[in-house]
Amino acid sequence: MIIRDLRPEDYPALAAVHQRQGIVWPERPRSGEGWAEADRNRSPKCQWRRWVAEVDGAVVGFASYSQSVFDYHPQRFYVNVEVLPEYQRRGIGAALYETVMSGLERFDPRVLRADAFTNLPQGFAFLQKRGFYEAFRETPVHLDIASFDPSPYAGLEPKLLGQGIVIRTLREMEGDPQRDRKLYDVYWEATEDVPQEDFEIPKAPFEEWQSWAINDPSILPDAYFIAVRGEEYIGLRELYTDPASNLMLGGLLAVRRAYRKRGVGLAMQLRGIAYARAHGCPQLKTCTAVQNAPMQAMFNKLGYARDPEWQQCQKDIDSSGT
């Protein structure tokens, strides 16, 4: 077994290893090209590096460290180790992890984060052995579009219209020169109220947020919904395409505090489901914190099915490196 740096021609093998893991969420690009594109589009300020493990010339696993533009801190990193099931418990994952840790030393990391999943208990055990603990948990859900009946909600948008509230799309609002700035304000007001991990999410500068929240190529301008009342933006619903399938992925659902509990969020959810149906998408997938009671209730109401829970694990490193 050898461990070496990632090469451009390794991306299809990375996707093949990932597809074998049984991971439901968070979604990762499930094609080699999708993965390569995601790496090419990383923010320049975020550090990342990836290695692969080879046995007899074949890639059987990979590992990486990276930083997220969403919660960037120079000493916070996400680490990931994945090995083909038939090659697990041979020390390959351990060797990959040690390679990642050696690569991180020059950054003097203080917080490491990694994903585990309730249907893959061996992954959580691997992380626990290395000093990680569960810091946060989210519920991935999915909705089978063909079986959804929208008829009980036919009166919702007319009711909102009576209050002066209409649902538009990102594309329909292109003529508003303040569109992105208004969305930025809605986004961060809502983010302050969304259950998060044990650290505060820093508010990104506007232009940086715009680059990944509005101009990301996976965003669908006709399926990014905006709730508007007069000139005011009061809500948004992010929807994305999965780069390697016909599924749709839900991002943030946000409603300004003054307009909550009126059905605005539900109306935007229904618009997303209608878009998925019209475009032949079989399934809509999303995720929320286990303690986010309003979103959990909405998922129940609409008939979303639960998937194995996502455990966000953390390792805190003190100044001595332990």
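The values are calculated or read from the model by the stated rules, or taken from the named source; none is laboratory data. Model, not experiment: these values are computed from the prediction. Here the Cβ is made from the backbone with ideal geometry for all residues, glycine too, and neighbour counts use every protein chain on show. Accessible surface areas use protein heavy atoms only, side chains included; no ligands, DNA or RNA. Shrake-Rupley method; radii C 1.70, N 1.55, O 1.52, S 1.80 Å.
At-a-glance table
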item: Dipole of the chain [Lys/Arg +1, Asp/Glu -1 at C-beta], most positive-end residue of 11, 96, 223; result: 223
item: Residue-averaged 222 nm ellipticity for the chain, from DSSP H runs of 4+ at -39500 (n - 2.57), nearest 500; result: -8500 deg cm²/dmol
item: Net dipole in debye of the range 211-322 [+1 Lys, Arg Cβ; -1 Asp, Glu Cβ; about Cα centre; nearest 20]; result: 660
item: Cα gyration tensor shape of the range 26-138, rounded if a/c is under 1.5, else prolate or oblate by comparing a/b with b/c; result: rounded
item: Positive-end extreme of charge dipole, the range 110-179 - chosen from 145, 164, 125 (charges on Cβ); result: 125
item: Selected from 252, 281, 267, residue furthest toward positive end of dipole (the range 189-285; charges at beta carbon); result: 267
item: Rounded to 5, percent antiparallel among DSSP beta bridges of the range 231-318; result: 75
item: Burial ranking of peptide ranges 272-279, 284-291 (average Cβ count within 10 Å, highest at the top); result: 284-291, 272-279
item: Percent carbon-and-sulfur accessible area, the range 227-291, ignoring ligands, DNA and RNA, probe 1.4 Å; result: 51
item: Three-way shape label, the range 177-298, alpha-carbon gyration tensor, a/c 1.5; result: rounded
item: Computed E for residue 56/residue 125 - FRET, C-beta separation, R0 30 angstrom, nearest 0.05; result: 0.60
item: Magnitude of the charge dipole, the chain, Cβ model with Lys/Arg +1 and Asp/Glu -1, debye to 20; result: 540
item: Percent of beta bridges antiparallel (DSSP, the chain, rounded to nearest 5); result: 90
item: Order by protection proxy (mean Cβ within 10 Å, highest first), peptides 226-234, 300-308; result: 226-234, 300-308
item: Heavy-atom accessible surface of the range 1-152: percent carbon and sulfur, 1.4 Å; result: 50
item: Cα-based shape type of the range 103-191, given that a ≥ b ≥ c are square roots of the gyration tensor eigenvalues and the cut on a/c is 1.5; result: oblate
item: Whole-angstrom gap from the range 285-322 to the range 21-93, using each part's C-alpha centre; result: 20
item: DSSP H segments from the chain that extend 15 Å or more along their own axis, Cα-based, with Kyte-Doolittle mean of 1.0 or above; result: 92-104
item: Stretchable slack from residue 148 to residue 277, in nm (0.36 nm times residue separation minus alpha-carbon distance); result: 45.5 nm
item: Residue 110-residue 161 FRET efficiency (beta carbon distance; Förster radius 41 Å; 0.05 resolution); result: 0.25
item: The range 212-257, dipole about Cα centre (Lys/Arg Cβ +1, Asp/Glu Cβ -1), debye to the nearest 20; result: 240
item: Accessible solvent surface per residue of the range 274-322, calculated while the other protein chains remain in place, 1.4 angstrom probe, Å²; result: 47
item: Cα-based reach from residue 182 at 29 Å (exclusive), listing lysines while leaving out same-chain residues under 8 positions away; result: 45, 159, 203, 261, 285
